[in-house]
Amino acid sequence: MPPPQKKHWESMAKGLVLGALFTSFLLLLYSYVVPPLHASLASTTPEAAASCSPPLVEPEAVTRANSSAGECQPRRNIVFLKTHKTASSTLLNILFRFGQKHRLKFAFPNGRNDFDYPTFFARSLVQDYRPGACFNIICNHMRFHYDEVRGLVPPNATFITVLRDPARLFESSFHYFGPVVPLTWKLSGADKLAEFLQDPDRYYDPNGFNAHYLRNLLFFDLGYDSGLDPGSPQVQEHILEVERRFHLVLLQEYFDESLVLLKDLLCWELEDVLYFKLNARRDSPVPRLSGELYGRATAWNMLDAHLYRHFNASFWRKVEAFGRERMAREVAALRHANERMRTICIDGGHAVDAAAIQDDAMQPWQPLGTKSILGYNLKKSIGQRHAQLCRRMLTPEIQYLMDLGVNLWVTKLWKFIRDFLRW
């Protein structure tokens, strides 16, 4: 008689196959019988983007949205490459709020909450896209394709992204996405991550389903080959290309400092960059990577390590140019304002497990097989001045997308299947 663990994985594997086949069938059916949507909040907002005529060359690096000495105009045309497991959901919420506040035009996915990831981004994936369409903000998950994105935003658009220490990112990605990466199913130990890192080549298949989540995920999200030889000259060429194309690369480990630089670059107000940490994972019973395993994880993700080291150095050069003392003051102001909003908005003052969240509208999307993502309870009595801001700051990504009028029928179908199968 097969052991219970084997039965569990066999059942999950069969469920995944059946779910995938069922979803594919409905996608095909939908494409034949449902006409494209033509009306949504994103496409009817009055403040349209400027001309999207592409520049003849890649944009030059910018420092601040200055119009003259001592003053600036807020930047409203933004491309955010939303990388995985980098606090990007928190930054996404900031962009949603800013765009909603100023009635900007978003380029949203059609049917789901990403642009058909992990395939490369294409303009045709944008909800209500028509040739010549122009947008203010693009910010959902995609596998980056610069030329396709560039043609959807004005020439003065600001490009940003966020990186994270590759070993820590790998750890988070392994725990979050592992259940949907079949190559991990053969790992039998209590600490699957440690088992994998002892001999990753034994388990890893670069062509395996969802294998991209488990090696050089940053490089992959940026649109590059995540299987390159780390010694290849292409690696440095790609890193320098990212530096040319992106005006600011934020660091998850220094999120507050990153937001101060972003606020300065975009000429935004402090309220625009207030945040609560969203999509955070409950502490794992398995100890965090340290010592030898941390080194192994870094070596396994060496392309990302080269990328991170480059932009970690450039990040601190930007901090120096901004001014260390000024940075310390503005970080303190941001943290003070965040703490004030926490006391105003959050019931109990902290994040809670999914089972303790009282309002379904505040339930974050959970990884397959476990409810490890924390969420919040909104206070029952909030003054009129802060009620709207509190709710927007605490609303998870999927619900916020629906509030903005995005068609998420594929995501909703997948949730229905998961609920039905109790995944």
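The values are calculated or read from the model by the stated rules, or taken from the named source; none is laboratory data. Treat the numbers as computed from the prediction; the structure is a model and nothing was measured. For neighbour counting, all protein chains shown are included, and Cβ atoms are generated from backbone atoms with ideal geometry for every residue, glycine included. To get the accessible areas, we keep the full protein, side chains included, count just its heavy atoms, and leave off ligands, DNA and RNA. Shrake-Rupley method; radii C 1.70, N 1.55, O 1.52, S 1.80 Å.
Once each part is reduced to its C-alpha centroid, what is the distance from the range 258-331 to the range 111-190 in angstrom? That distance is 19 Å. Per residue, the range 67-109 exposes 30 Å² of solvent-accessible protein surface, assessed with a 1.4 angstrom probe and all protein chains in place. Taking amide H as placed 1.01 Å from N in the peptide plane, the amide H of V162 sits under 5 Å from that of T83, L250, each at least 5 places away or on another chain. Report in % the part of the accessible area of the range 279-408 that belongs to carbon and sulfur, leaving out ligands and nucleic acids; probe 1.4 Å. The value for the range 279-408 is 51 percent carbon and sulfur by accessible area. Karplus-derived 3J(HN,Hα) values for the range 158-166, using 6.51 cos²θ - 1.76 cosθ + 1.60 with θ = phi - 60°, are 9, 9, 9, 7, 9, 10, 8, 3, x Hz; glycine and proline are entered as x. Residue by residue, the range 174-179 carries 3J(HN,Hα) couplings of 4, 6, 7, 9, x, x Hz when phi is fed to the Karplus relation 6.51 cos²θ - 1.76 cosθ + 1.60 (θ = phi - 60°); x denotes Gly or Pro.
Taking amide H atoms as placed 1.01 Å from N in the peptide plane, the amide H of H141 lies under 5 Å from those of F115, each 5 or more residues away in sequence or on another chain. Taking every protein chain into account, the accessible area of the range 242-281 amounts to 34 square angstrom per residue (probe 1.4 Å).
How about the range 232-317: which GluC sites (Glu not before Pro) there lie in a loop by DSSP and see at most 16 other Cβ atoms within 10 Å?
E269
Beyond 12 Å, the tail of the calculated P(r) for the range 354-397 holds 61 percent of the Cα pairs. By accessible area, using a 1.4 Å probe on protein heavy atoms only, the range 83-183 has 49% of its surface on carbon and sulfur. Taking every protein chain into account, the accessible area of the range 302-400 amounts to 52 square angstrom per residue (probe 1.4 Å). One quarter of the surface of the convex hull around the alpha-carbon atoms of the range 194-324 equals 10.4 nm², the direction-averaged projected area.
Ranked from largest to smallest solvent-accessible area, with a 1.4 Å probe on the protein heavy atoms, D191, D419 come out as D419, D191.
Ignoring ligands, DNA and RNA, what percent of the accessible area of the range 224-273 is carbon or sulfur (1.4 Å)?
Working: 880 of 1960 Å².
Exposed carbon and sulfur together represent 45 percent of the surface.
Under a 5 Å amide H cut-off, with hydrogens placed 1.01 Å from N, I373 pairs with R282 among residues at least 5 apart or on other chains. Solvent-accessible surface (1.4 Å probe) assigned to W365 amounts to roughly 80 Å². Take M402: with every protein chain present and a 1.4 Å probe, its accessible area is about 80 Å².
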